[in-house]
Amino acid sequence: MNSIEISVNSASCYKNNNIVFNNVNFKVKDYDVGLITGPNGCGKTTLIKALCGIQNLESGEILFNNVNIKDSKSIFFENLVYVGHKNSLNNDLTIIENLEYLSALDNSVHKTDNNVIEKAMNFFDIYKYRDYMVSDLSEGNKKKASLSRLLISQKKIWVLDEPLSNLDEGTIKNFINLILSHQKKGGITIASTHNDFSGNIKNIRHLKMVGNK
């Protein structure tokens, strides 16, 4: 895929006639890590959902290579993997069943690599829990299972809502290394977070949201 750019232009969003955020502008391109920070209630998750097409904007637009992401000609969603704050896992399936199901829906997964799911579980140290029902896992291991999708998918754009929640210090370091590896391949990461984990990451694009009172 050629170079890409995602731009949020003069975006505003309302809920129940109340302004969630207003006139937000934000831009990322290849090799960028976009961090969306701010206090609770400022609209971080709402903006993330707008980027994923889940939330509509009241005004403004989100463009992918100068084409609105909602346009039928846009290939934005084909190149995006989204991991929300609420883990997108089925509680009535095991970890490996969840990951097998999600990978089957992702056309970017290398179907010939039979070990891709195993490698992802090993990276996040949850392989030993592969046959556990998700409902029996700790919140930390649920988060690890959700983030494992990033190692399985080959999509270039990662959109993450509070990816550090419920992670221990060691896992956070592994996760940051994963972002760095994705970045080196030209990938884009956009993440909302309470904690600025930019550290030594280069090409950081900050968006500090303040909300509306």
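We did not get these values from a lab; they are worked out from the coordinates using the rules stated. The structure displayed is predicted, hence computed values, not measured ones. With ideal geometry, Cβ positions are generated from the backbone for all residues, glycine too; neighbour counts draw on all protein chains shown.
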For this session: Report, in whole Å, the centroid distance computed from the Cα atoms of region 115-190 and region 1-33.
Result: 24 Å
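Test of understanding: what is the full-extension gain from V67 to Q55, defined as 0.36 nm times their sequence separation minus their Cα-Cα distance? Working shown, then result.
Numbers: separation 12, 0.36 × 12 = 4.32 nm, distance 1.78 nm.
Here the segment from V67 to Q55 would lengthen by 2.5 nm.
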Problem set entry | Calculated [θ] (222 nm, deg cm²/dmol) that DSSP helices of n ≥ 4 give over the chain, each run adding -39,500 (n - 2.57) | -7500 deg cm²/dmol
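Within the set of other residues whose C-beta is less than 14 Å from the C-beta of G60, count the net charge using Lys and Arg as +1 and Asp and Glu as -1.
Numbers: positive: K27, K70; negative: E58, E61.
Around G60, the surrounding residues sum to 0.
Which pairs break 25 Å Cα to Cα here: K70/K202; K15/K208; K27/K185?
Numbers: K70/K202 30 Å; K15/K208 20 Å; K27/K185 19 Å.
Too far apart for the 25 Å limit: K70/K202.
Of all beta bridges DSSP finds with both residues in the chain, what is the antiparallel percent, to the nearest 5? Don't skip to the answer; put the middle values down first.
Details: 16 of 34 bridges.
About 45 percent, rounded to the nearest 5.
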For this session: Considering Cα pairs under 8 angstrom that are at least six residues apart, work out the relative contact order of the chain and quote it in whole percent.
Result: 33 percent
Exercise. What length, rounded to one decimal in nm, is gained on full extension from N200 through to S10, with 0.36 nm per residue of separation minus their alpha-carbon distance?
Worked result: 65.4 nm
Problem set entry | Within a Gaussian network of the chain (alpha carbon springs, distance under 10 Å), most fluctuating of K86, K156, K73 | K73
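Ratio of region 1-99's C-alpha Rg to 2.2 N^0.38 Å, to two decimals?
Rg over 2.2 N^0.38 Å, computed on Cα atoms: 1.20.
Once the Cα gyration tensor of region 126-213 is diagonalised, what are the square roots of 5 times its eigenvalues, in whole Å and ordered largest first, as equivalent ellipsoid semi-axes?
24, 17, 12
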Exercise. Setting aside same-chain residues fewer than 8 positions from K142, which lysines have a Cα under 19 Å from its Cα?
Worked result: K86, K119, K128, K173
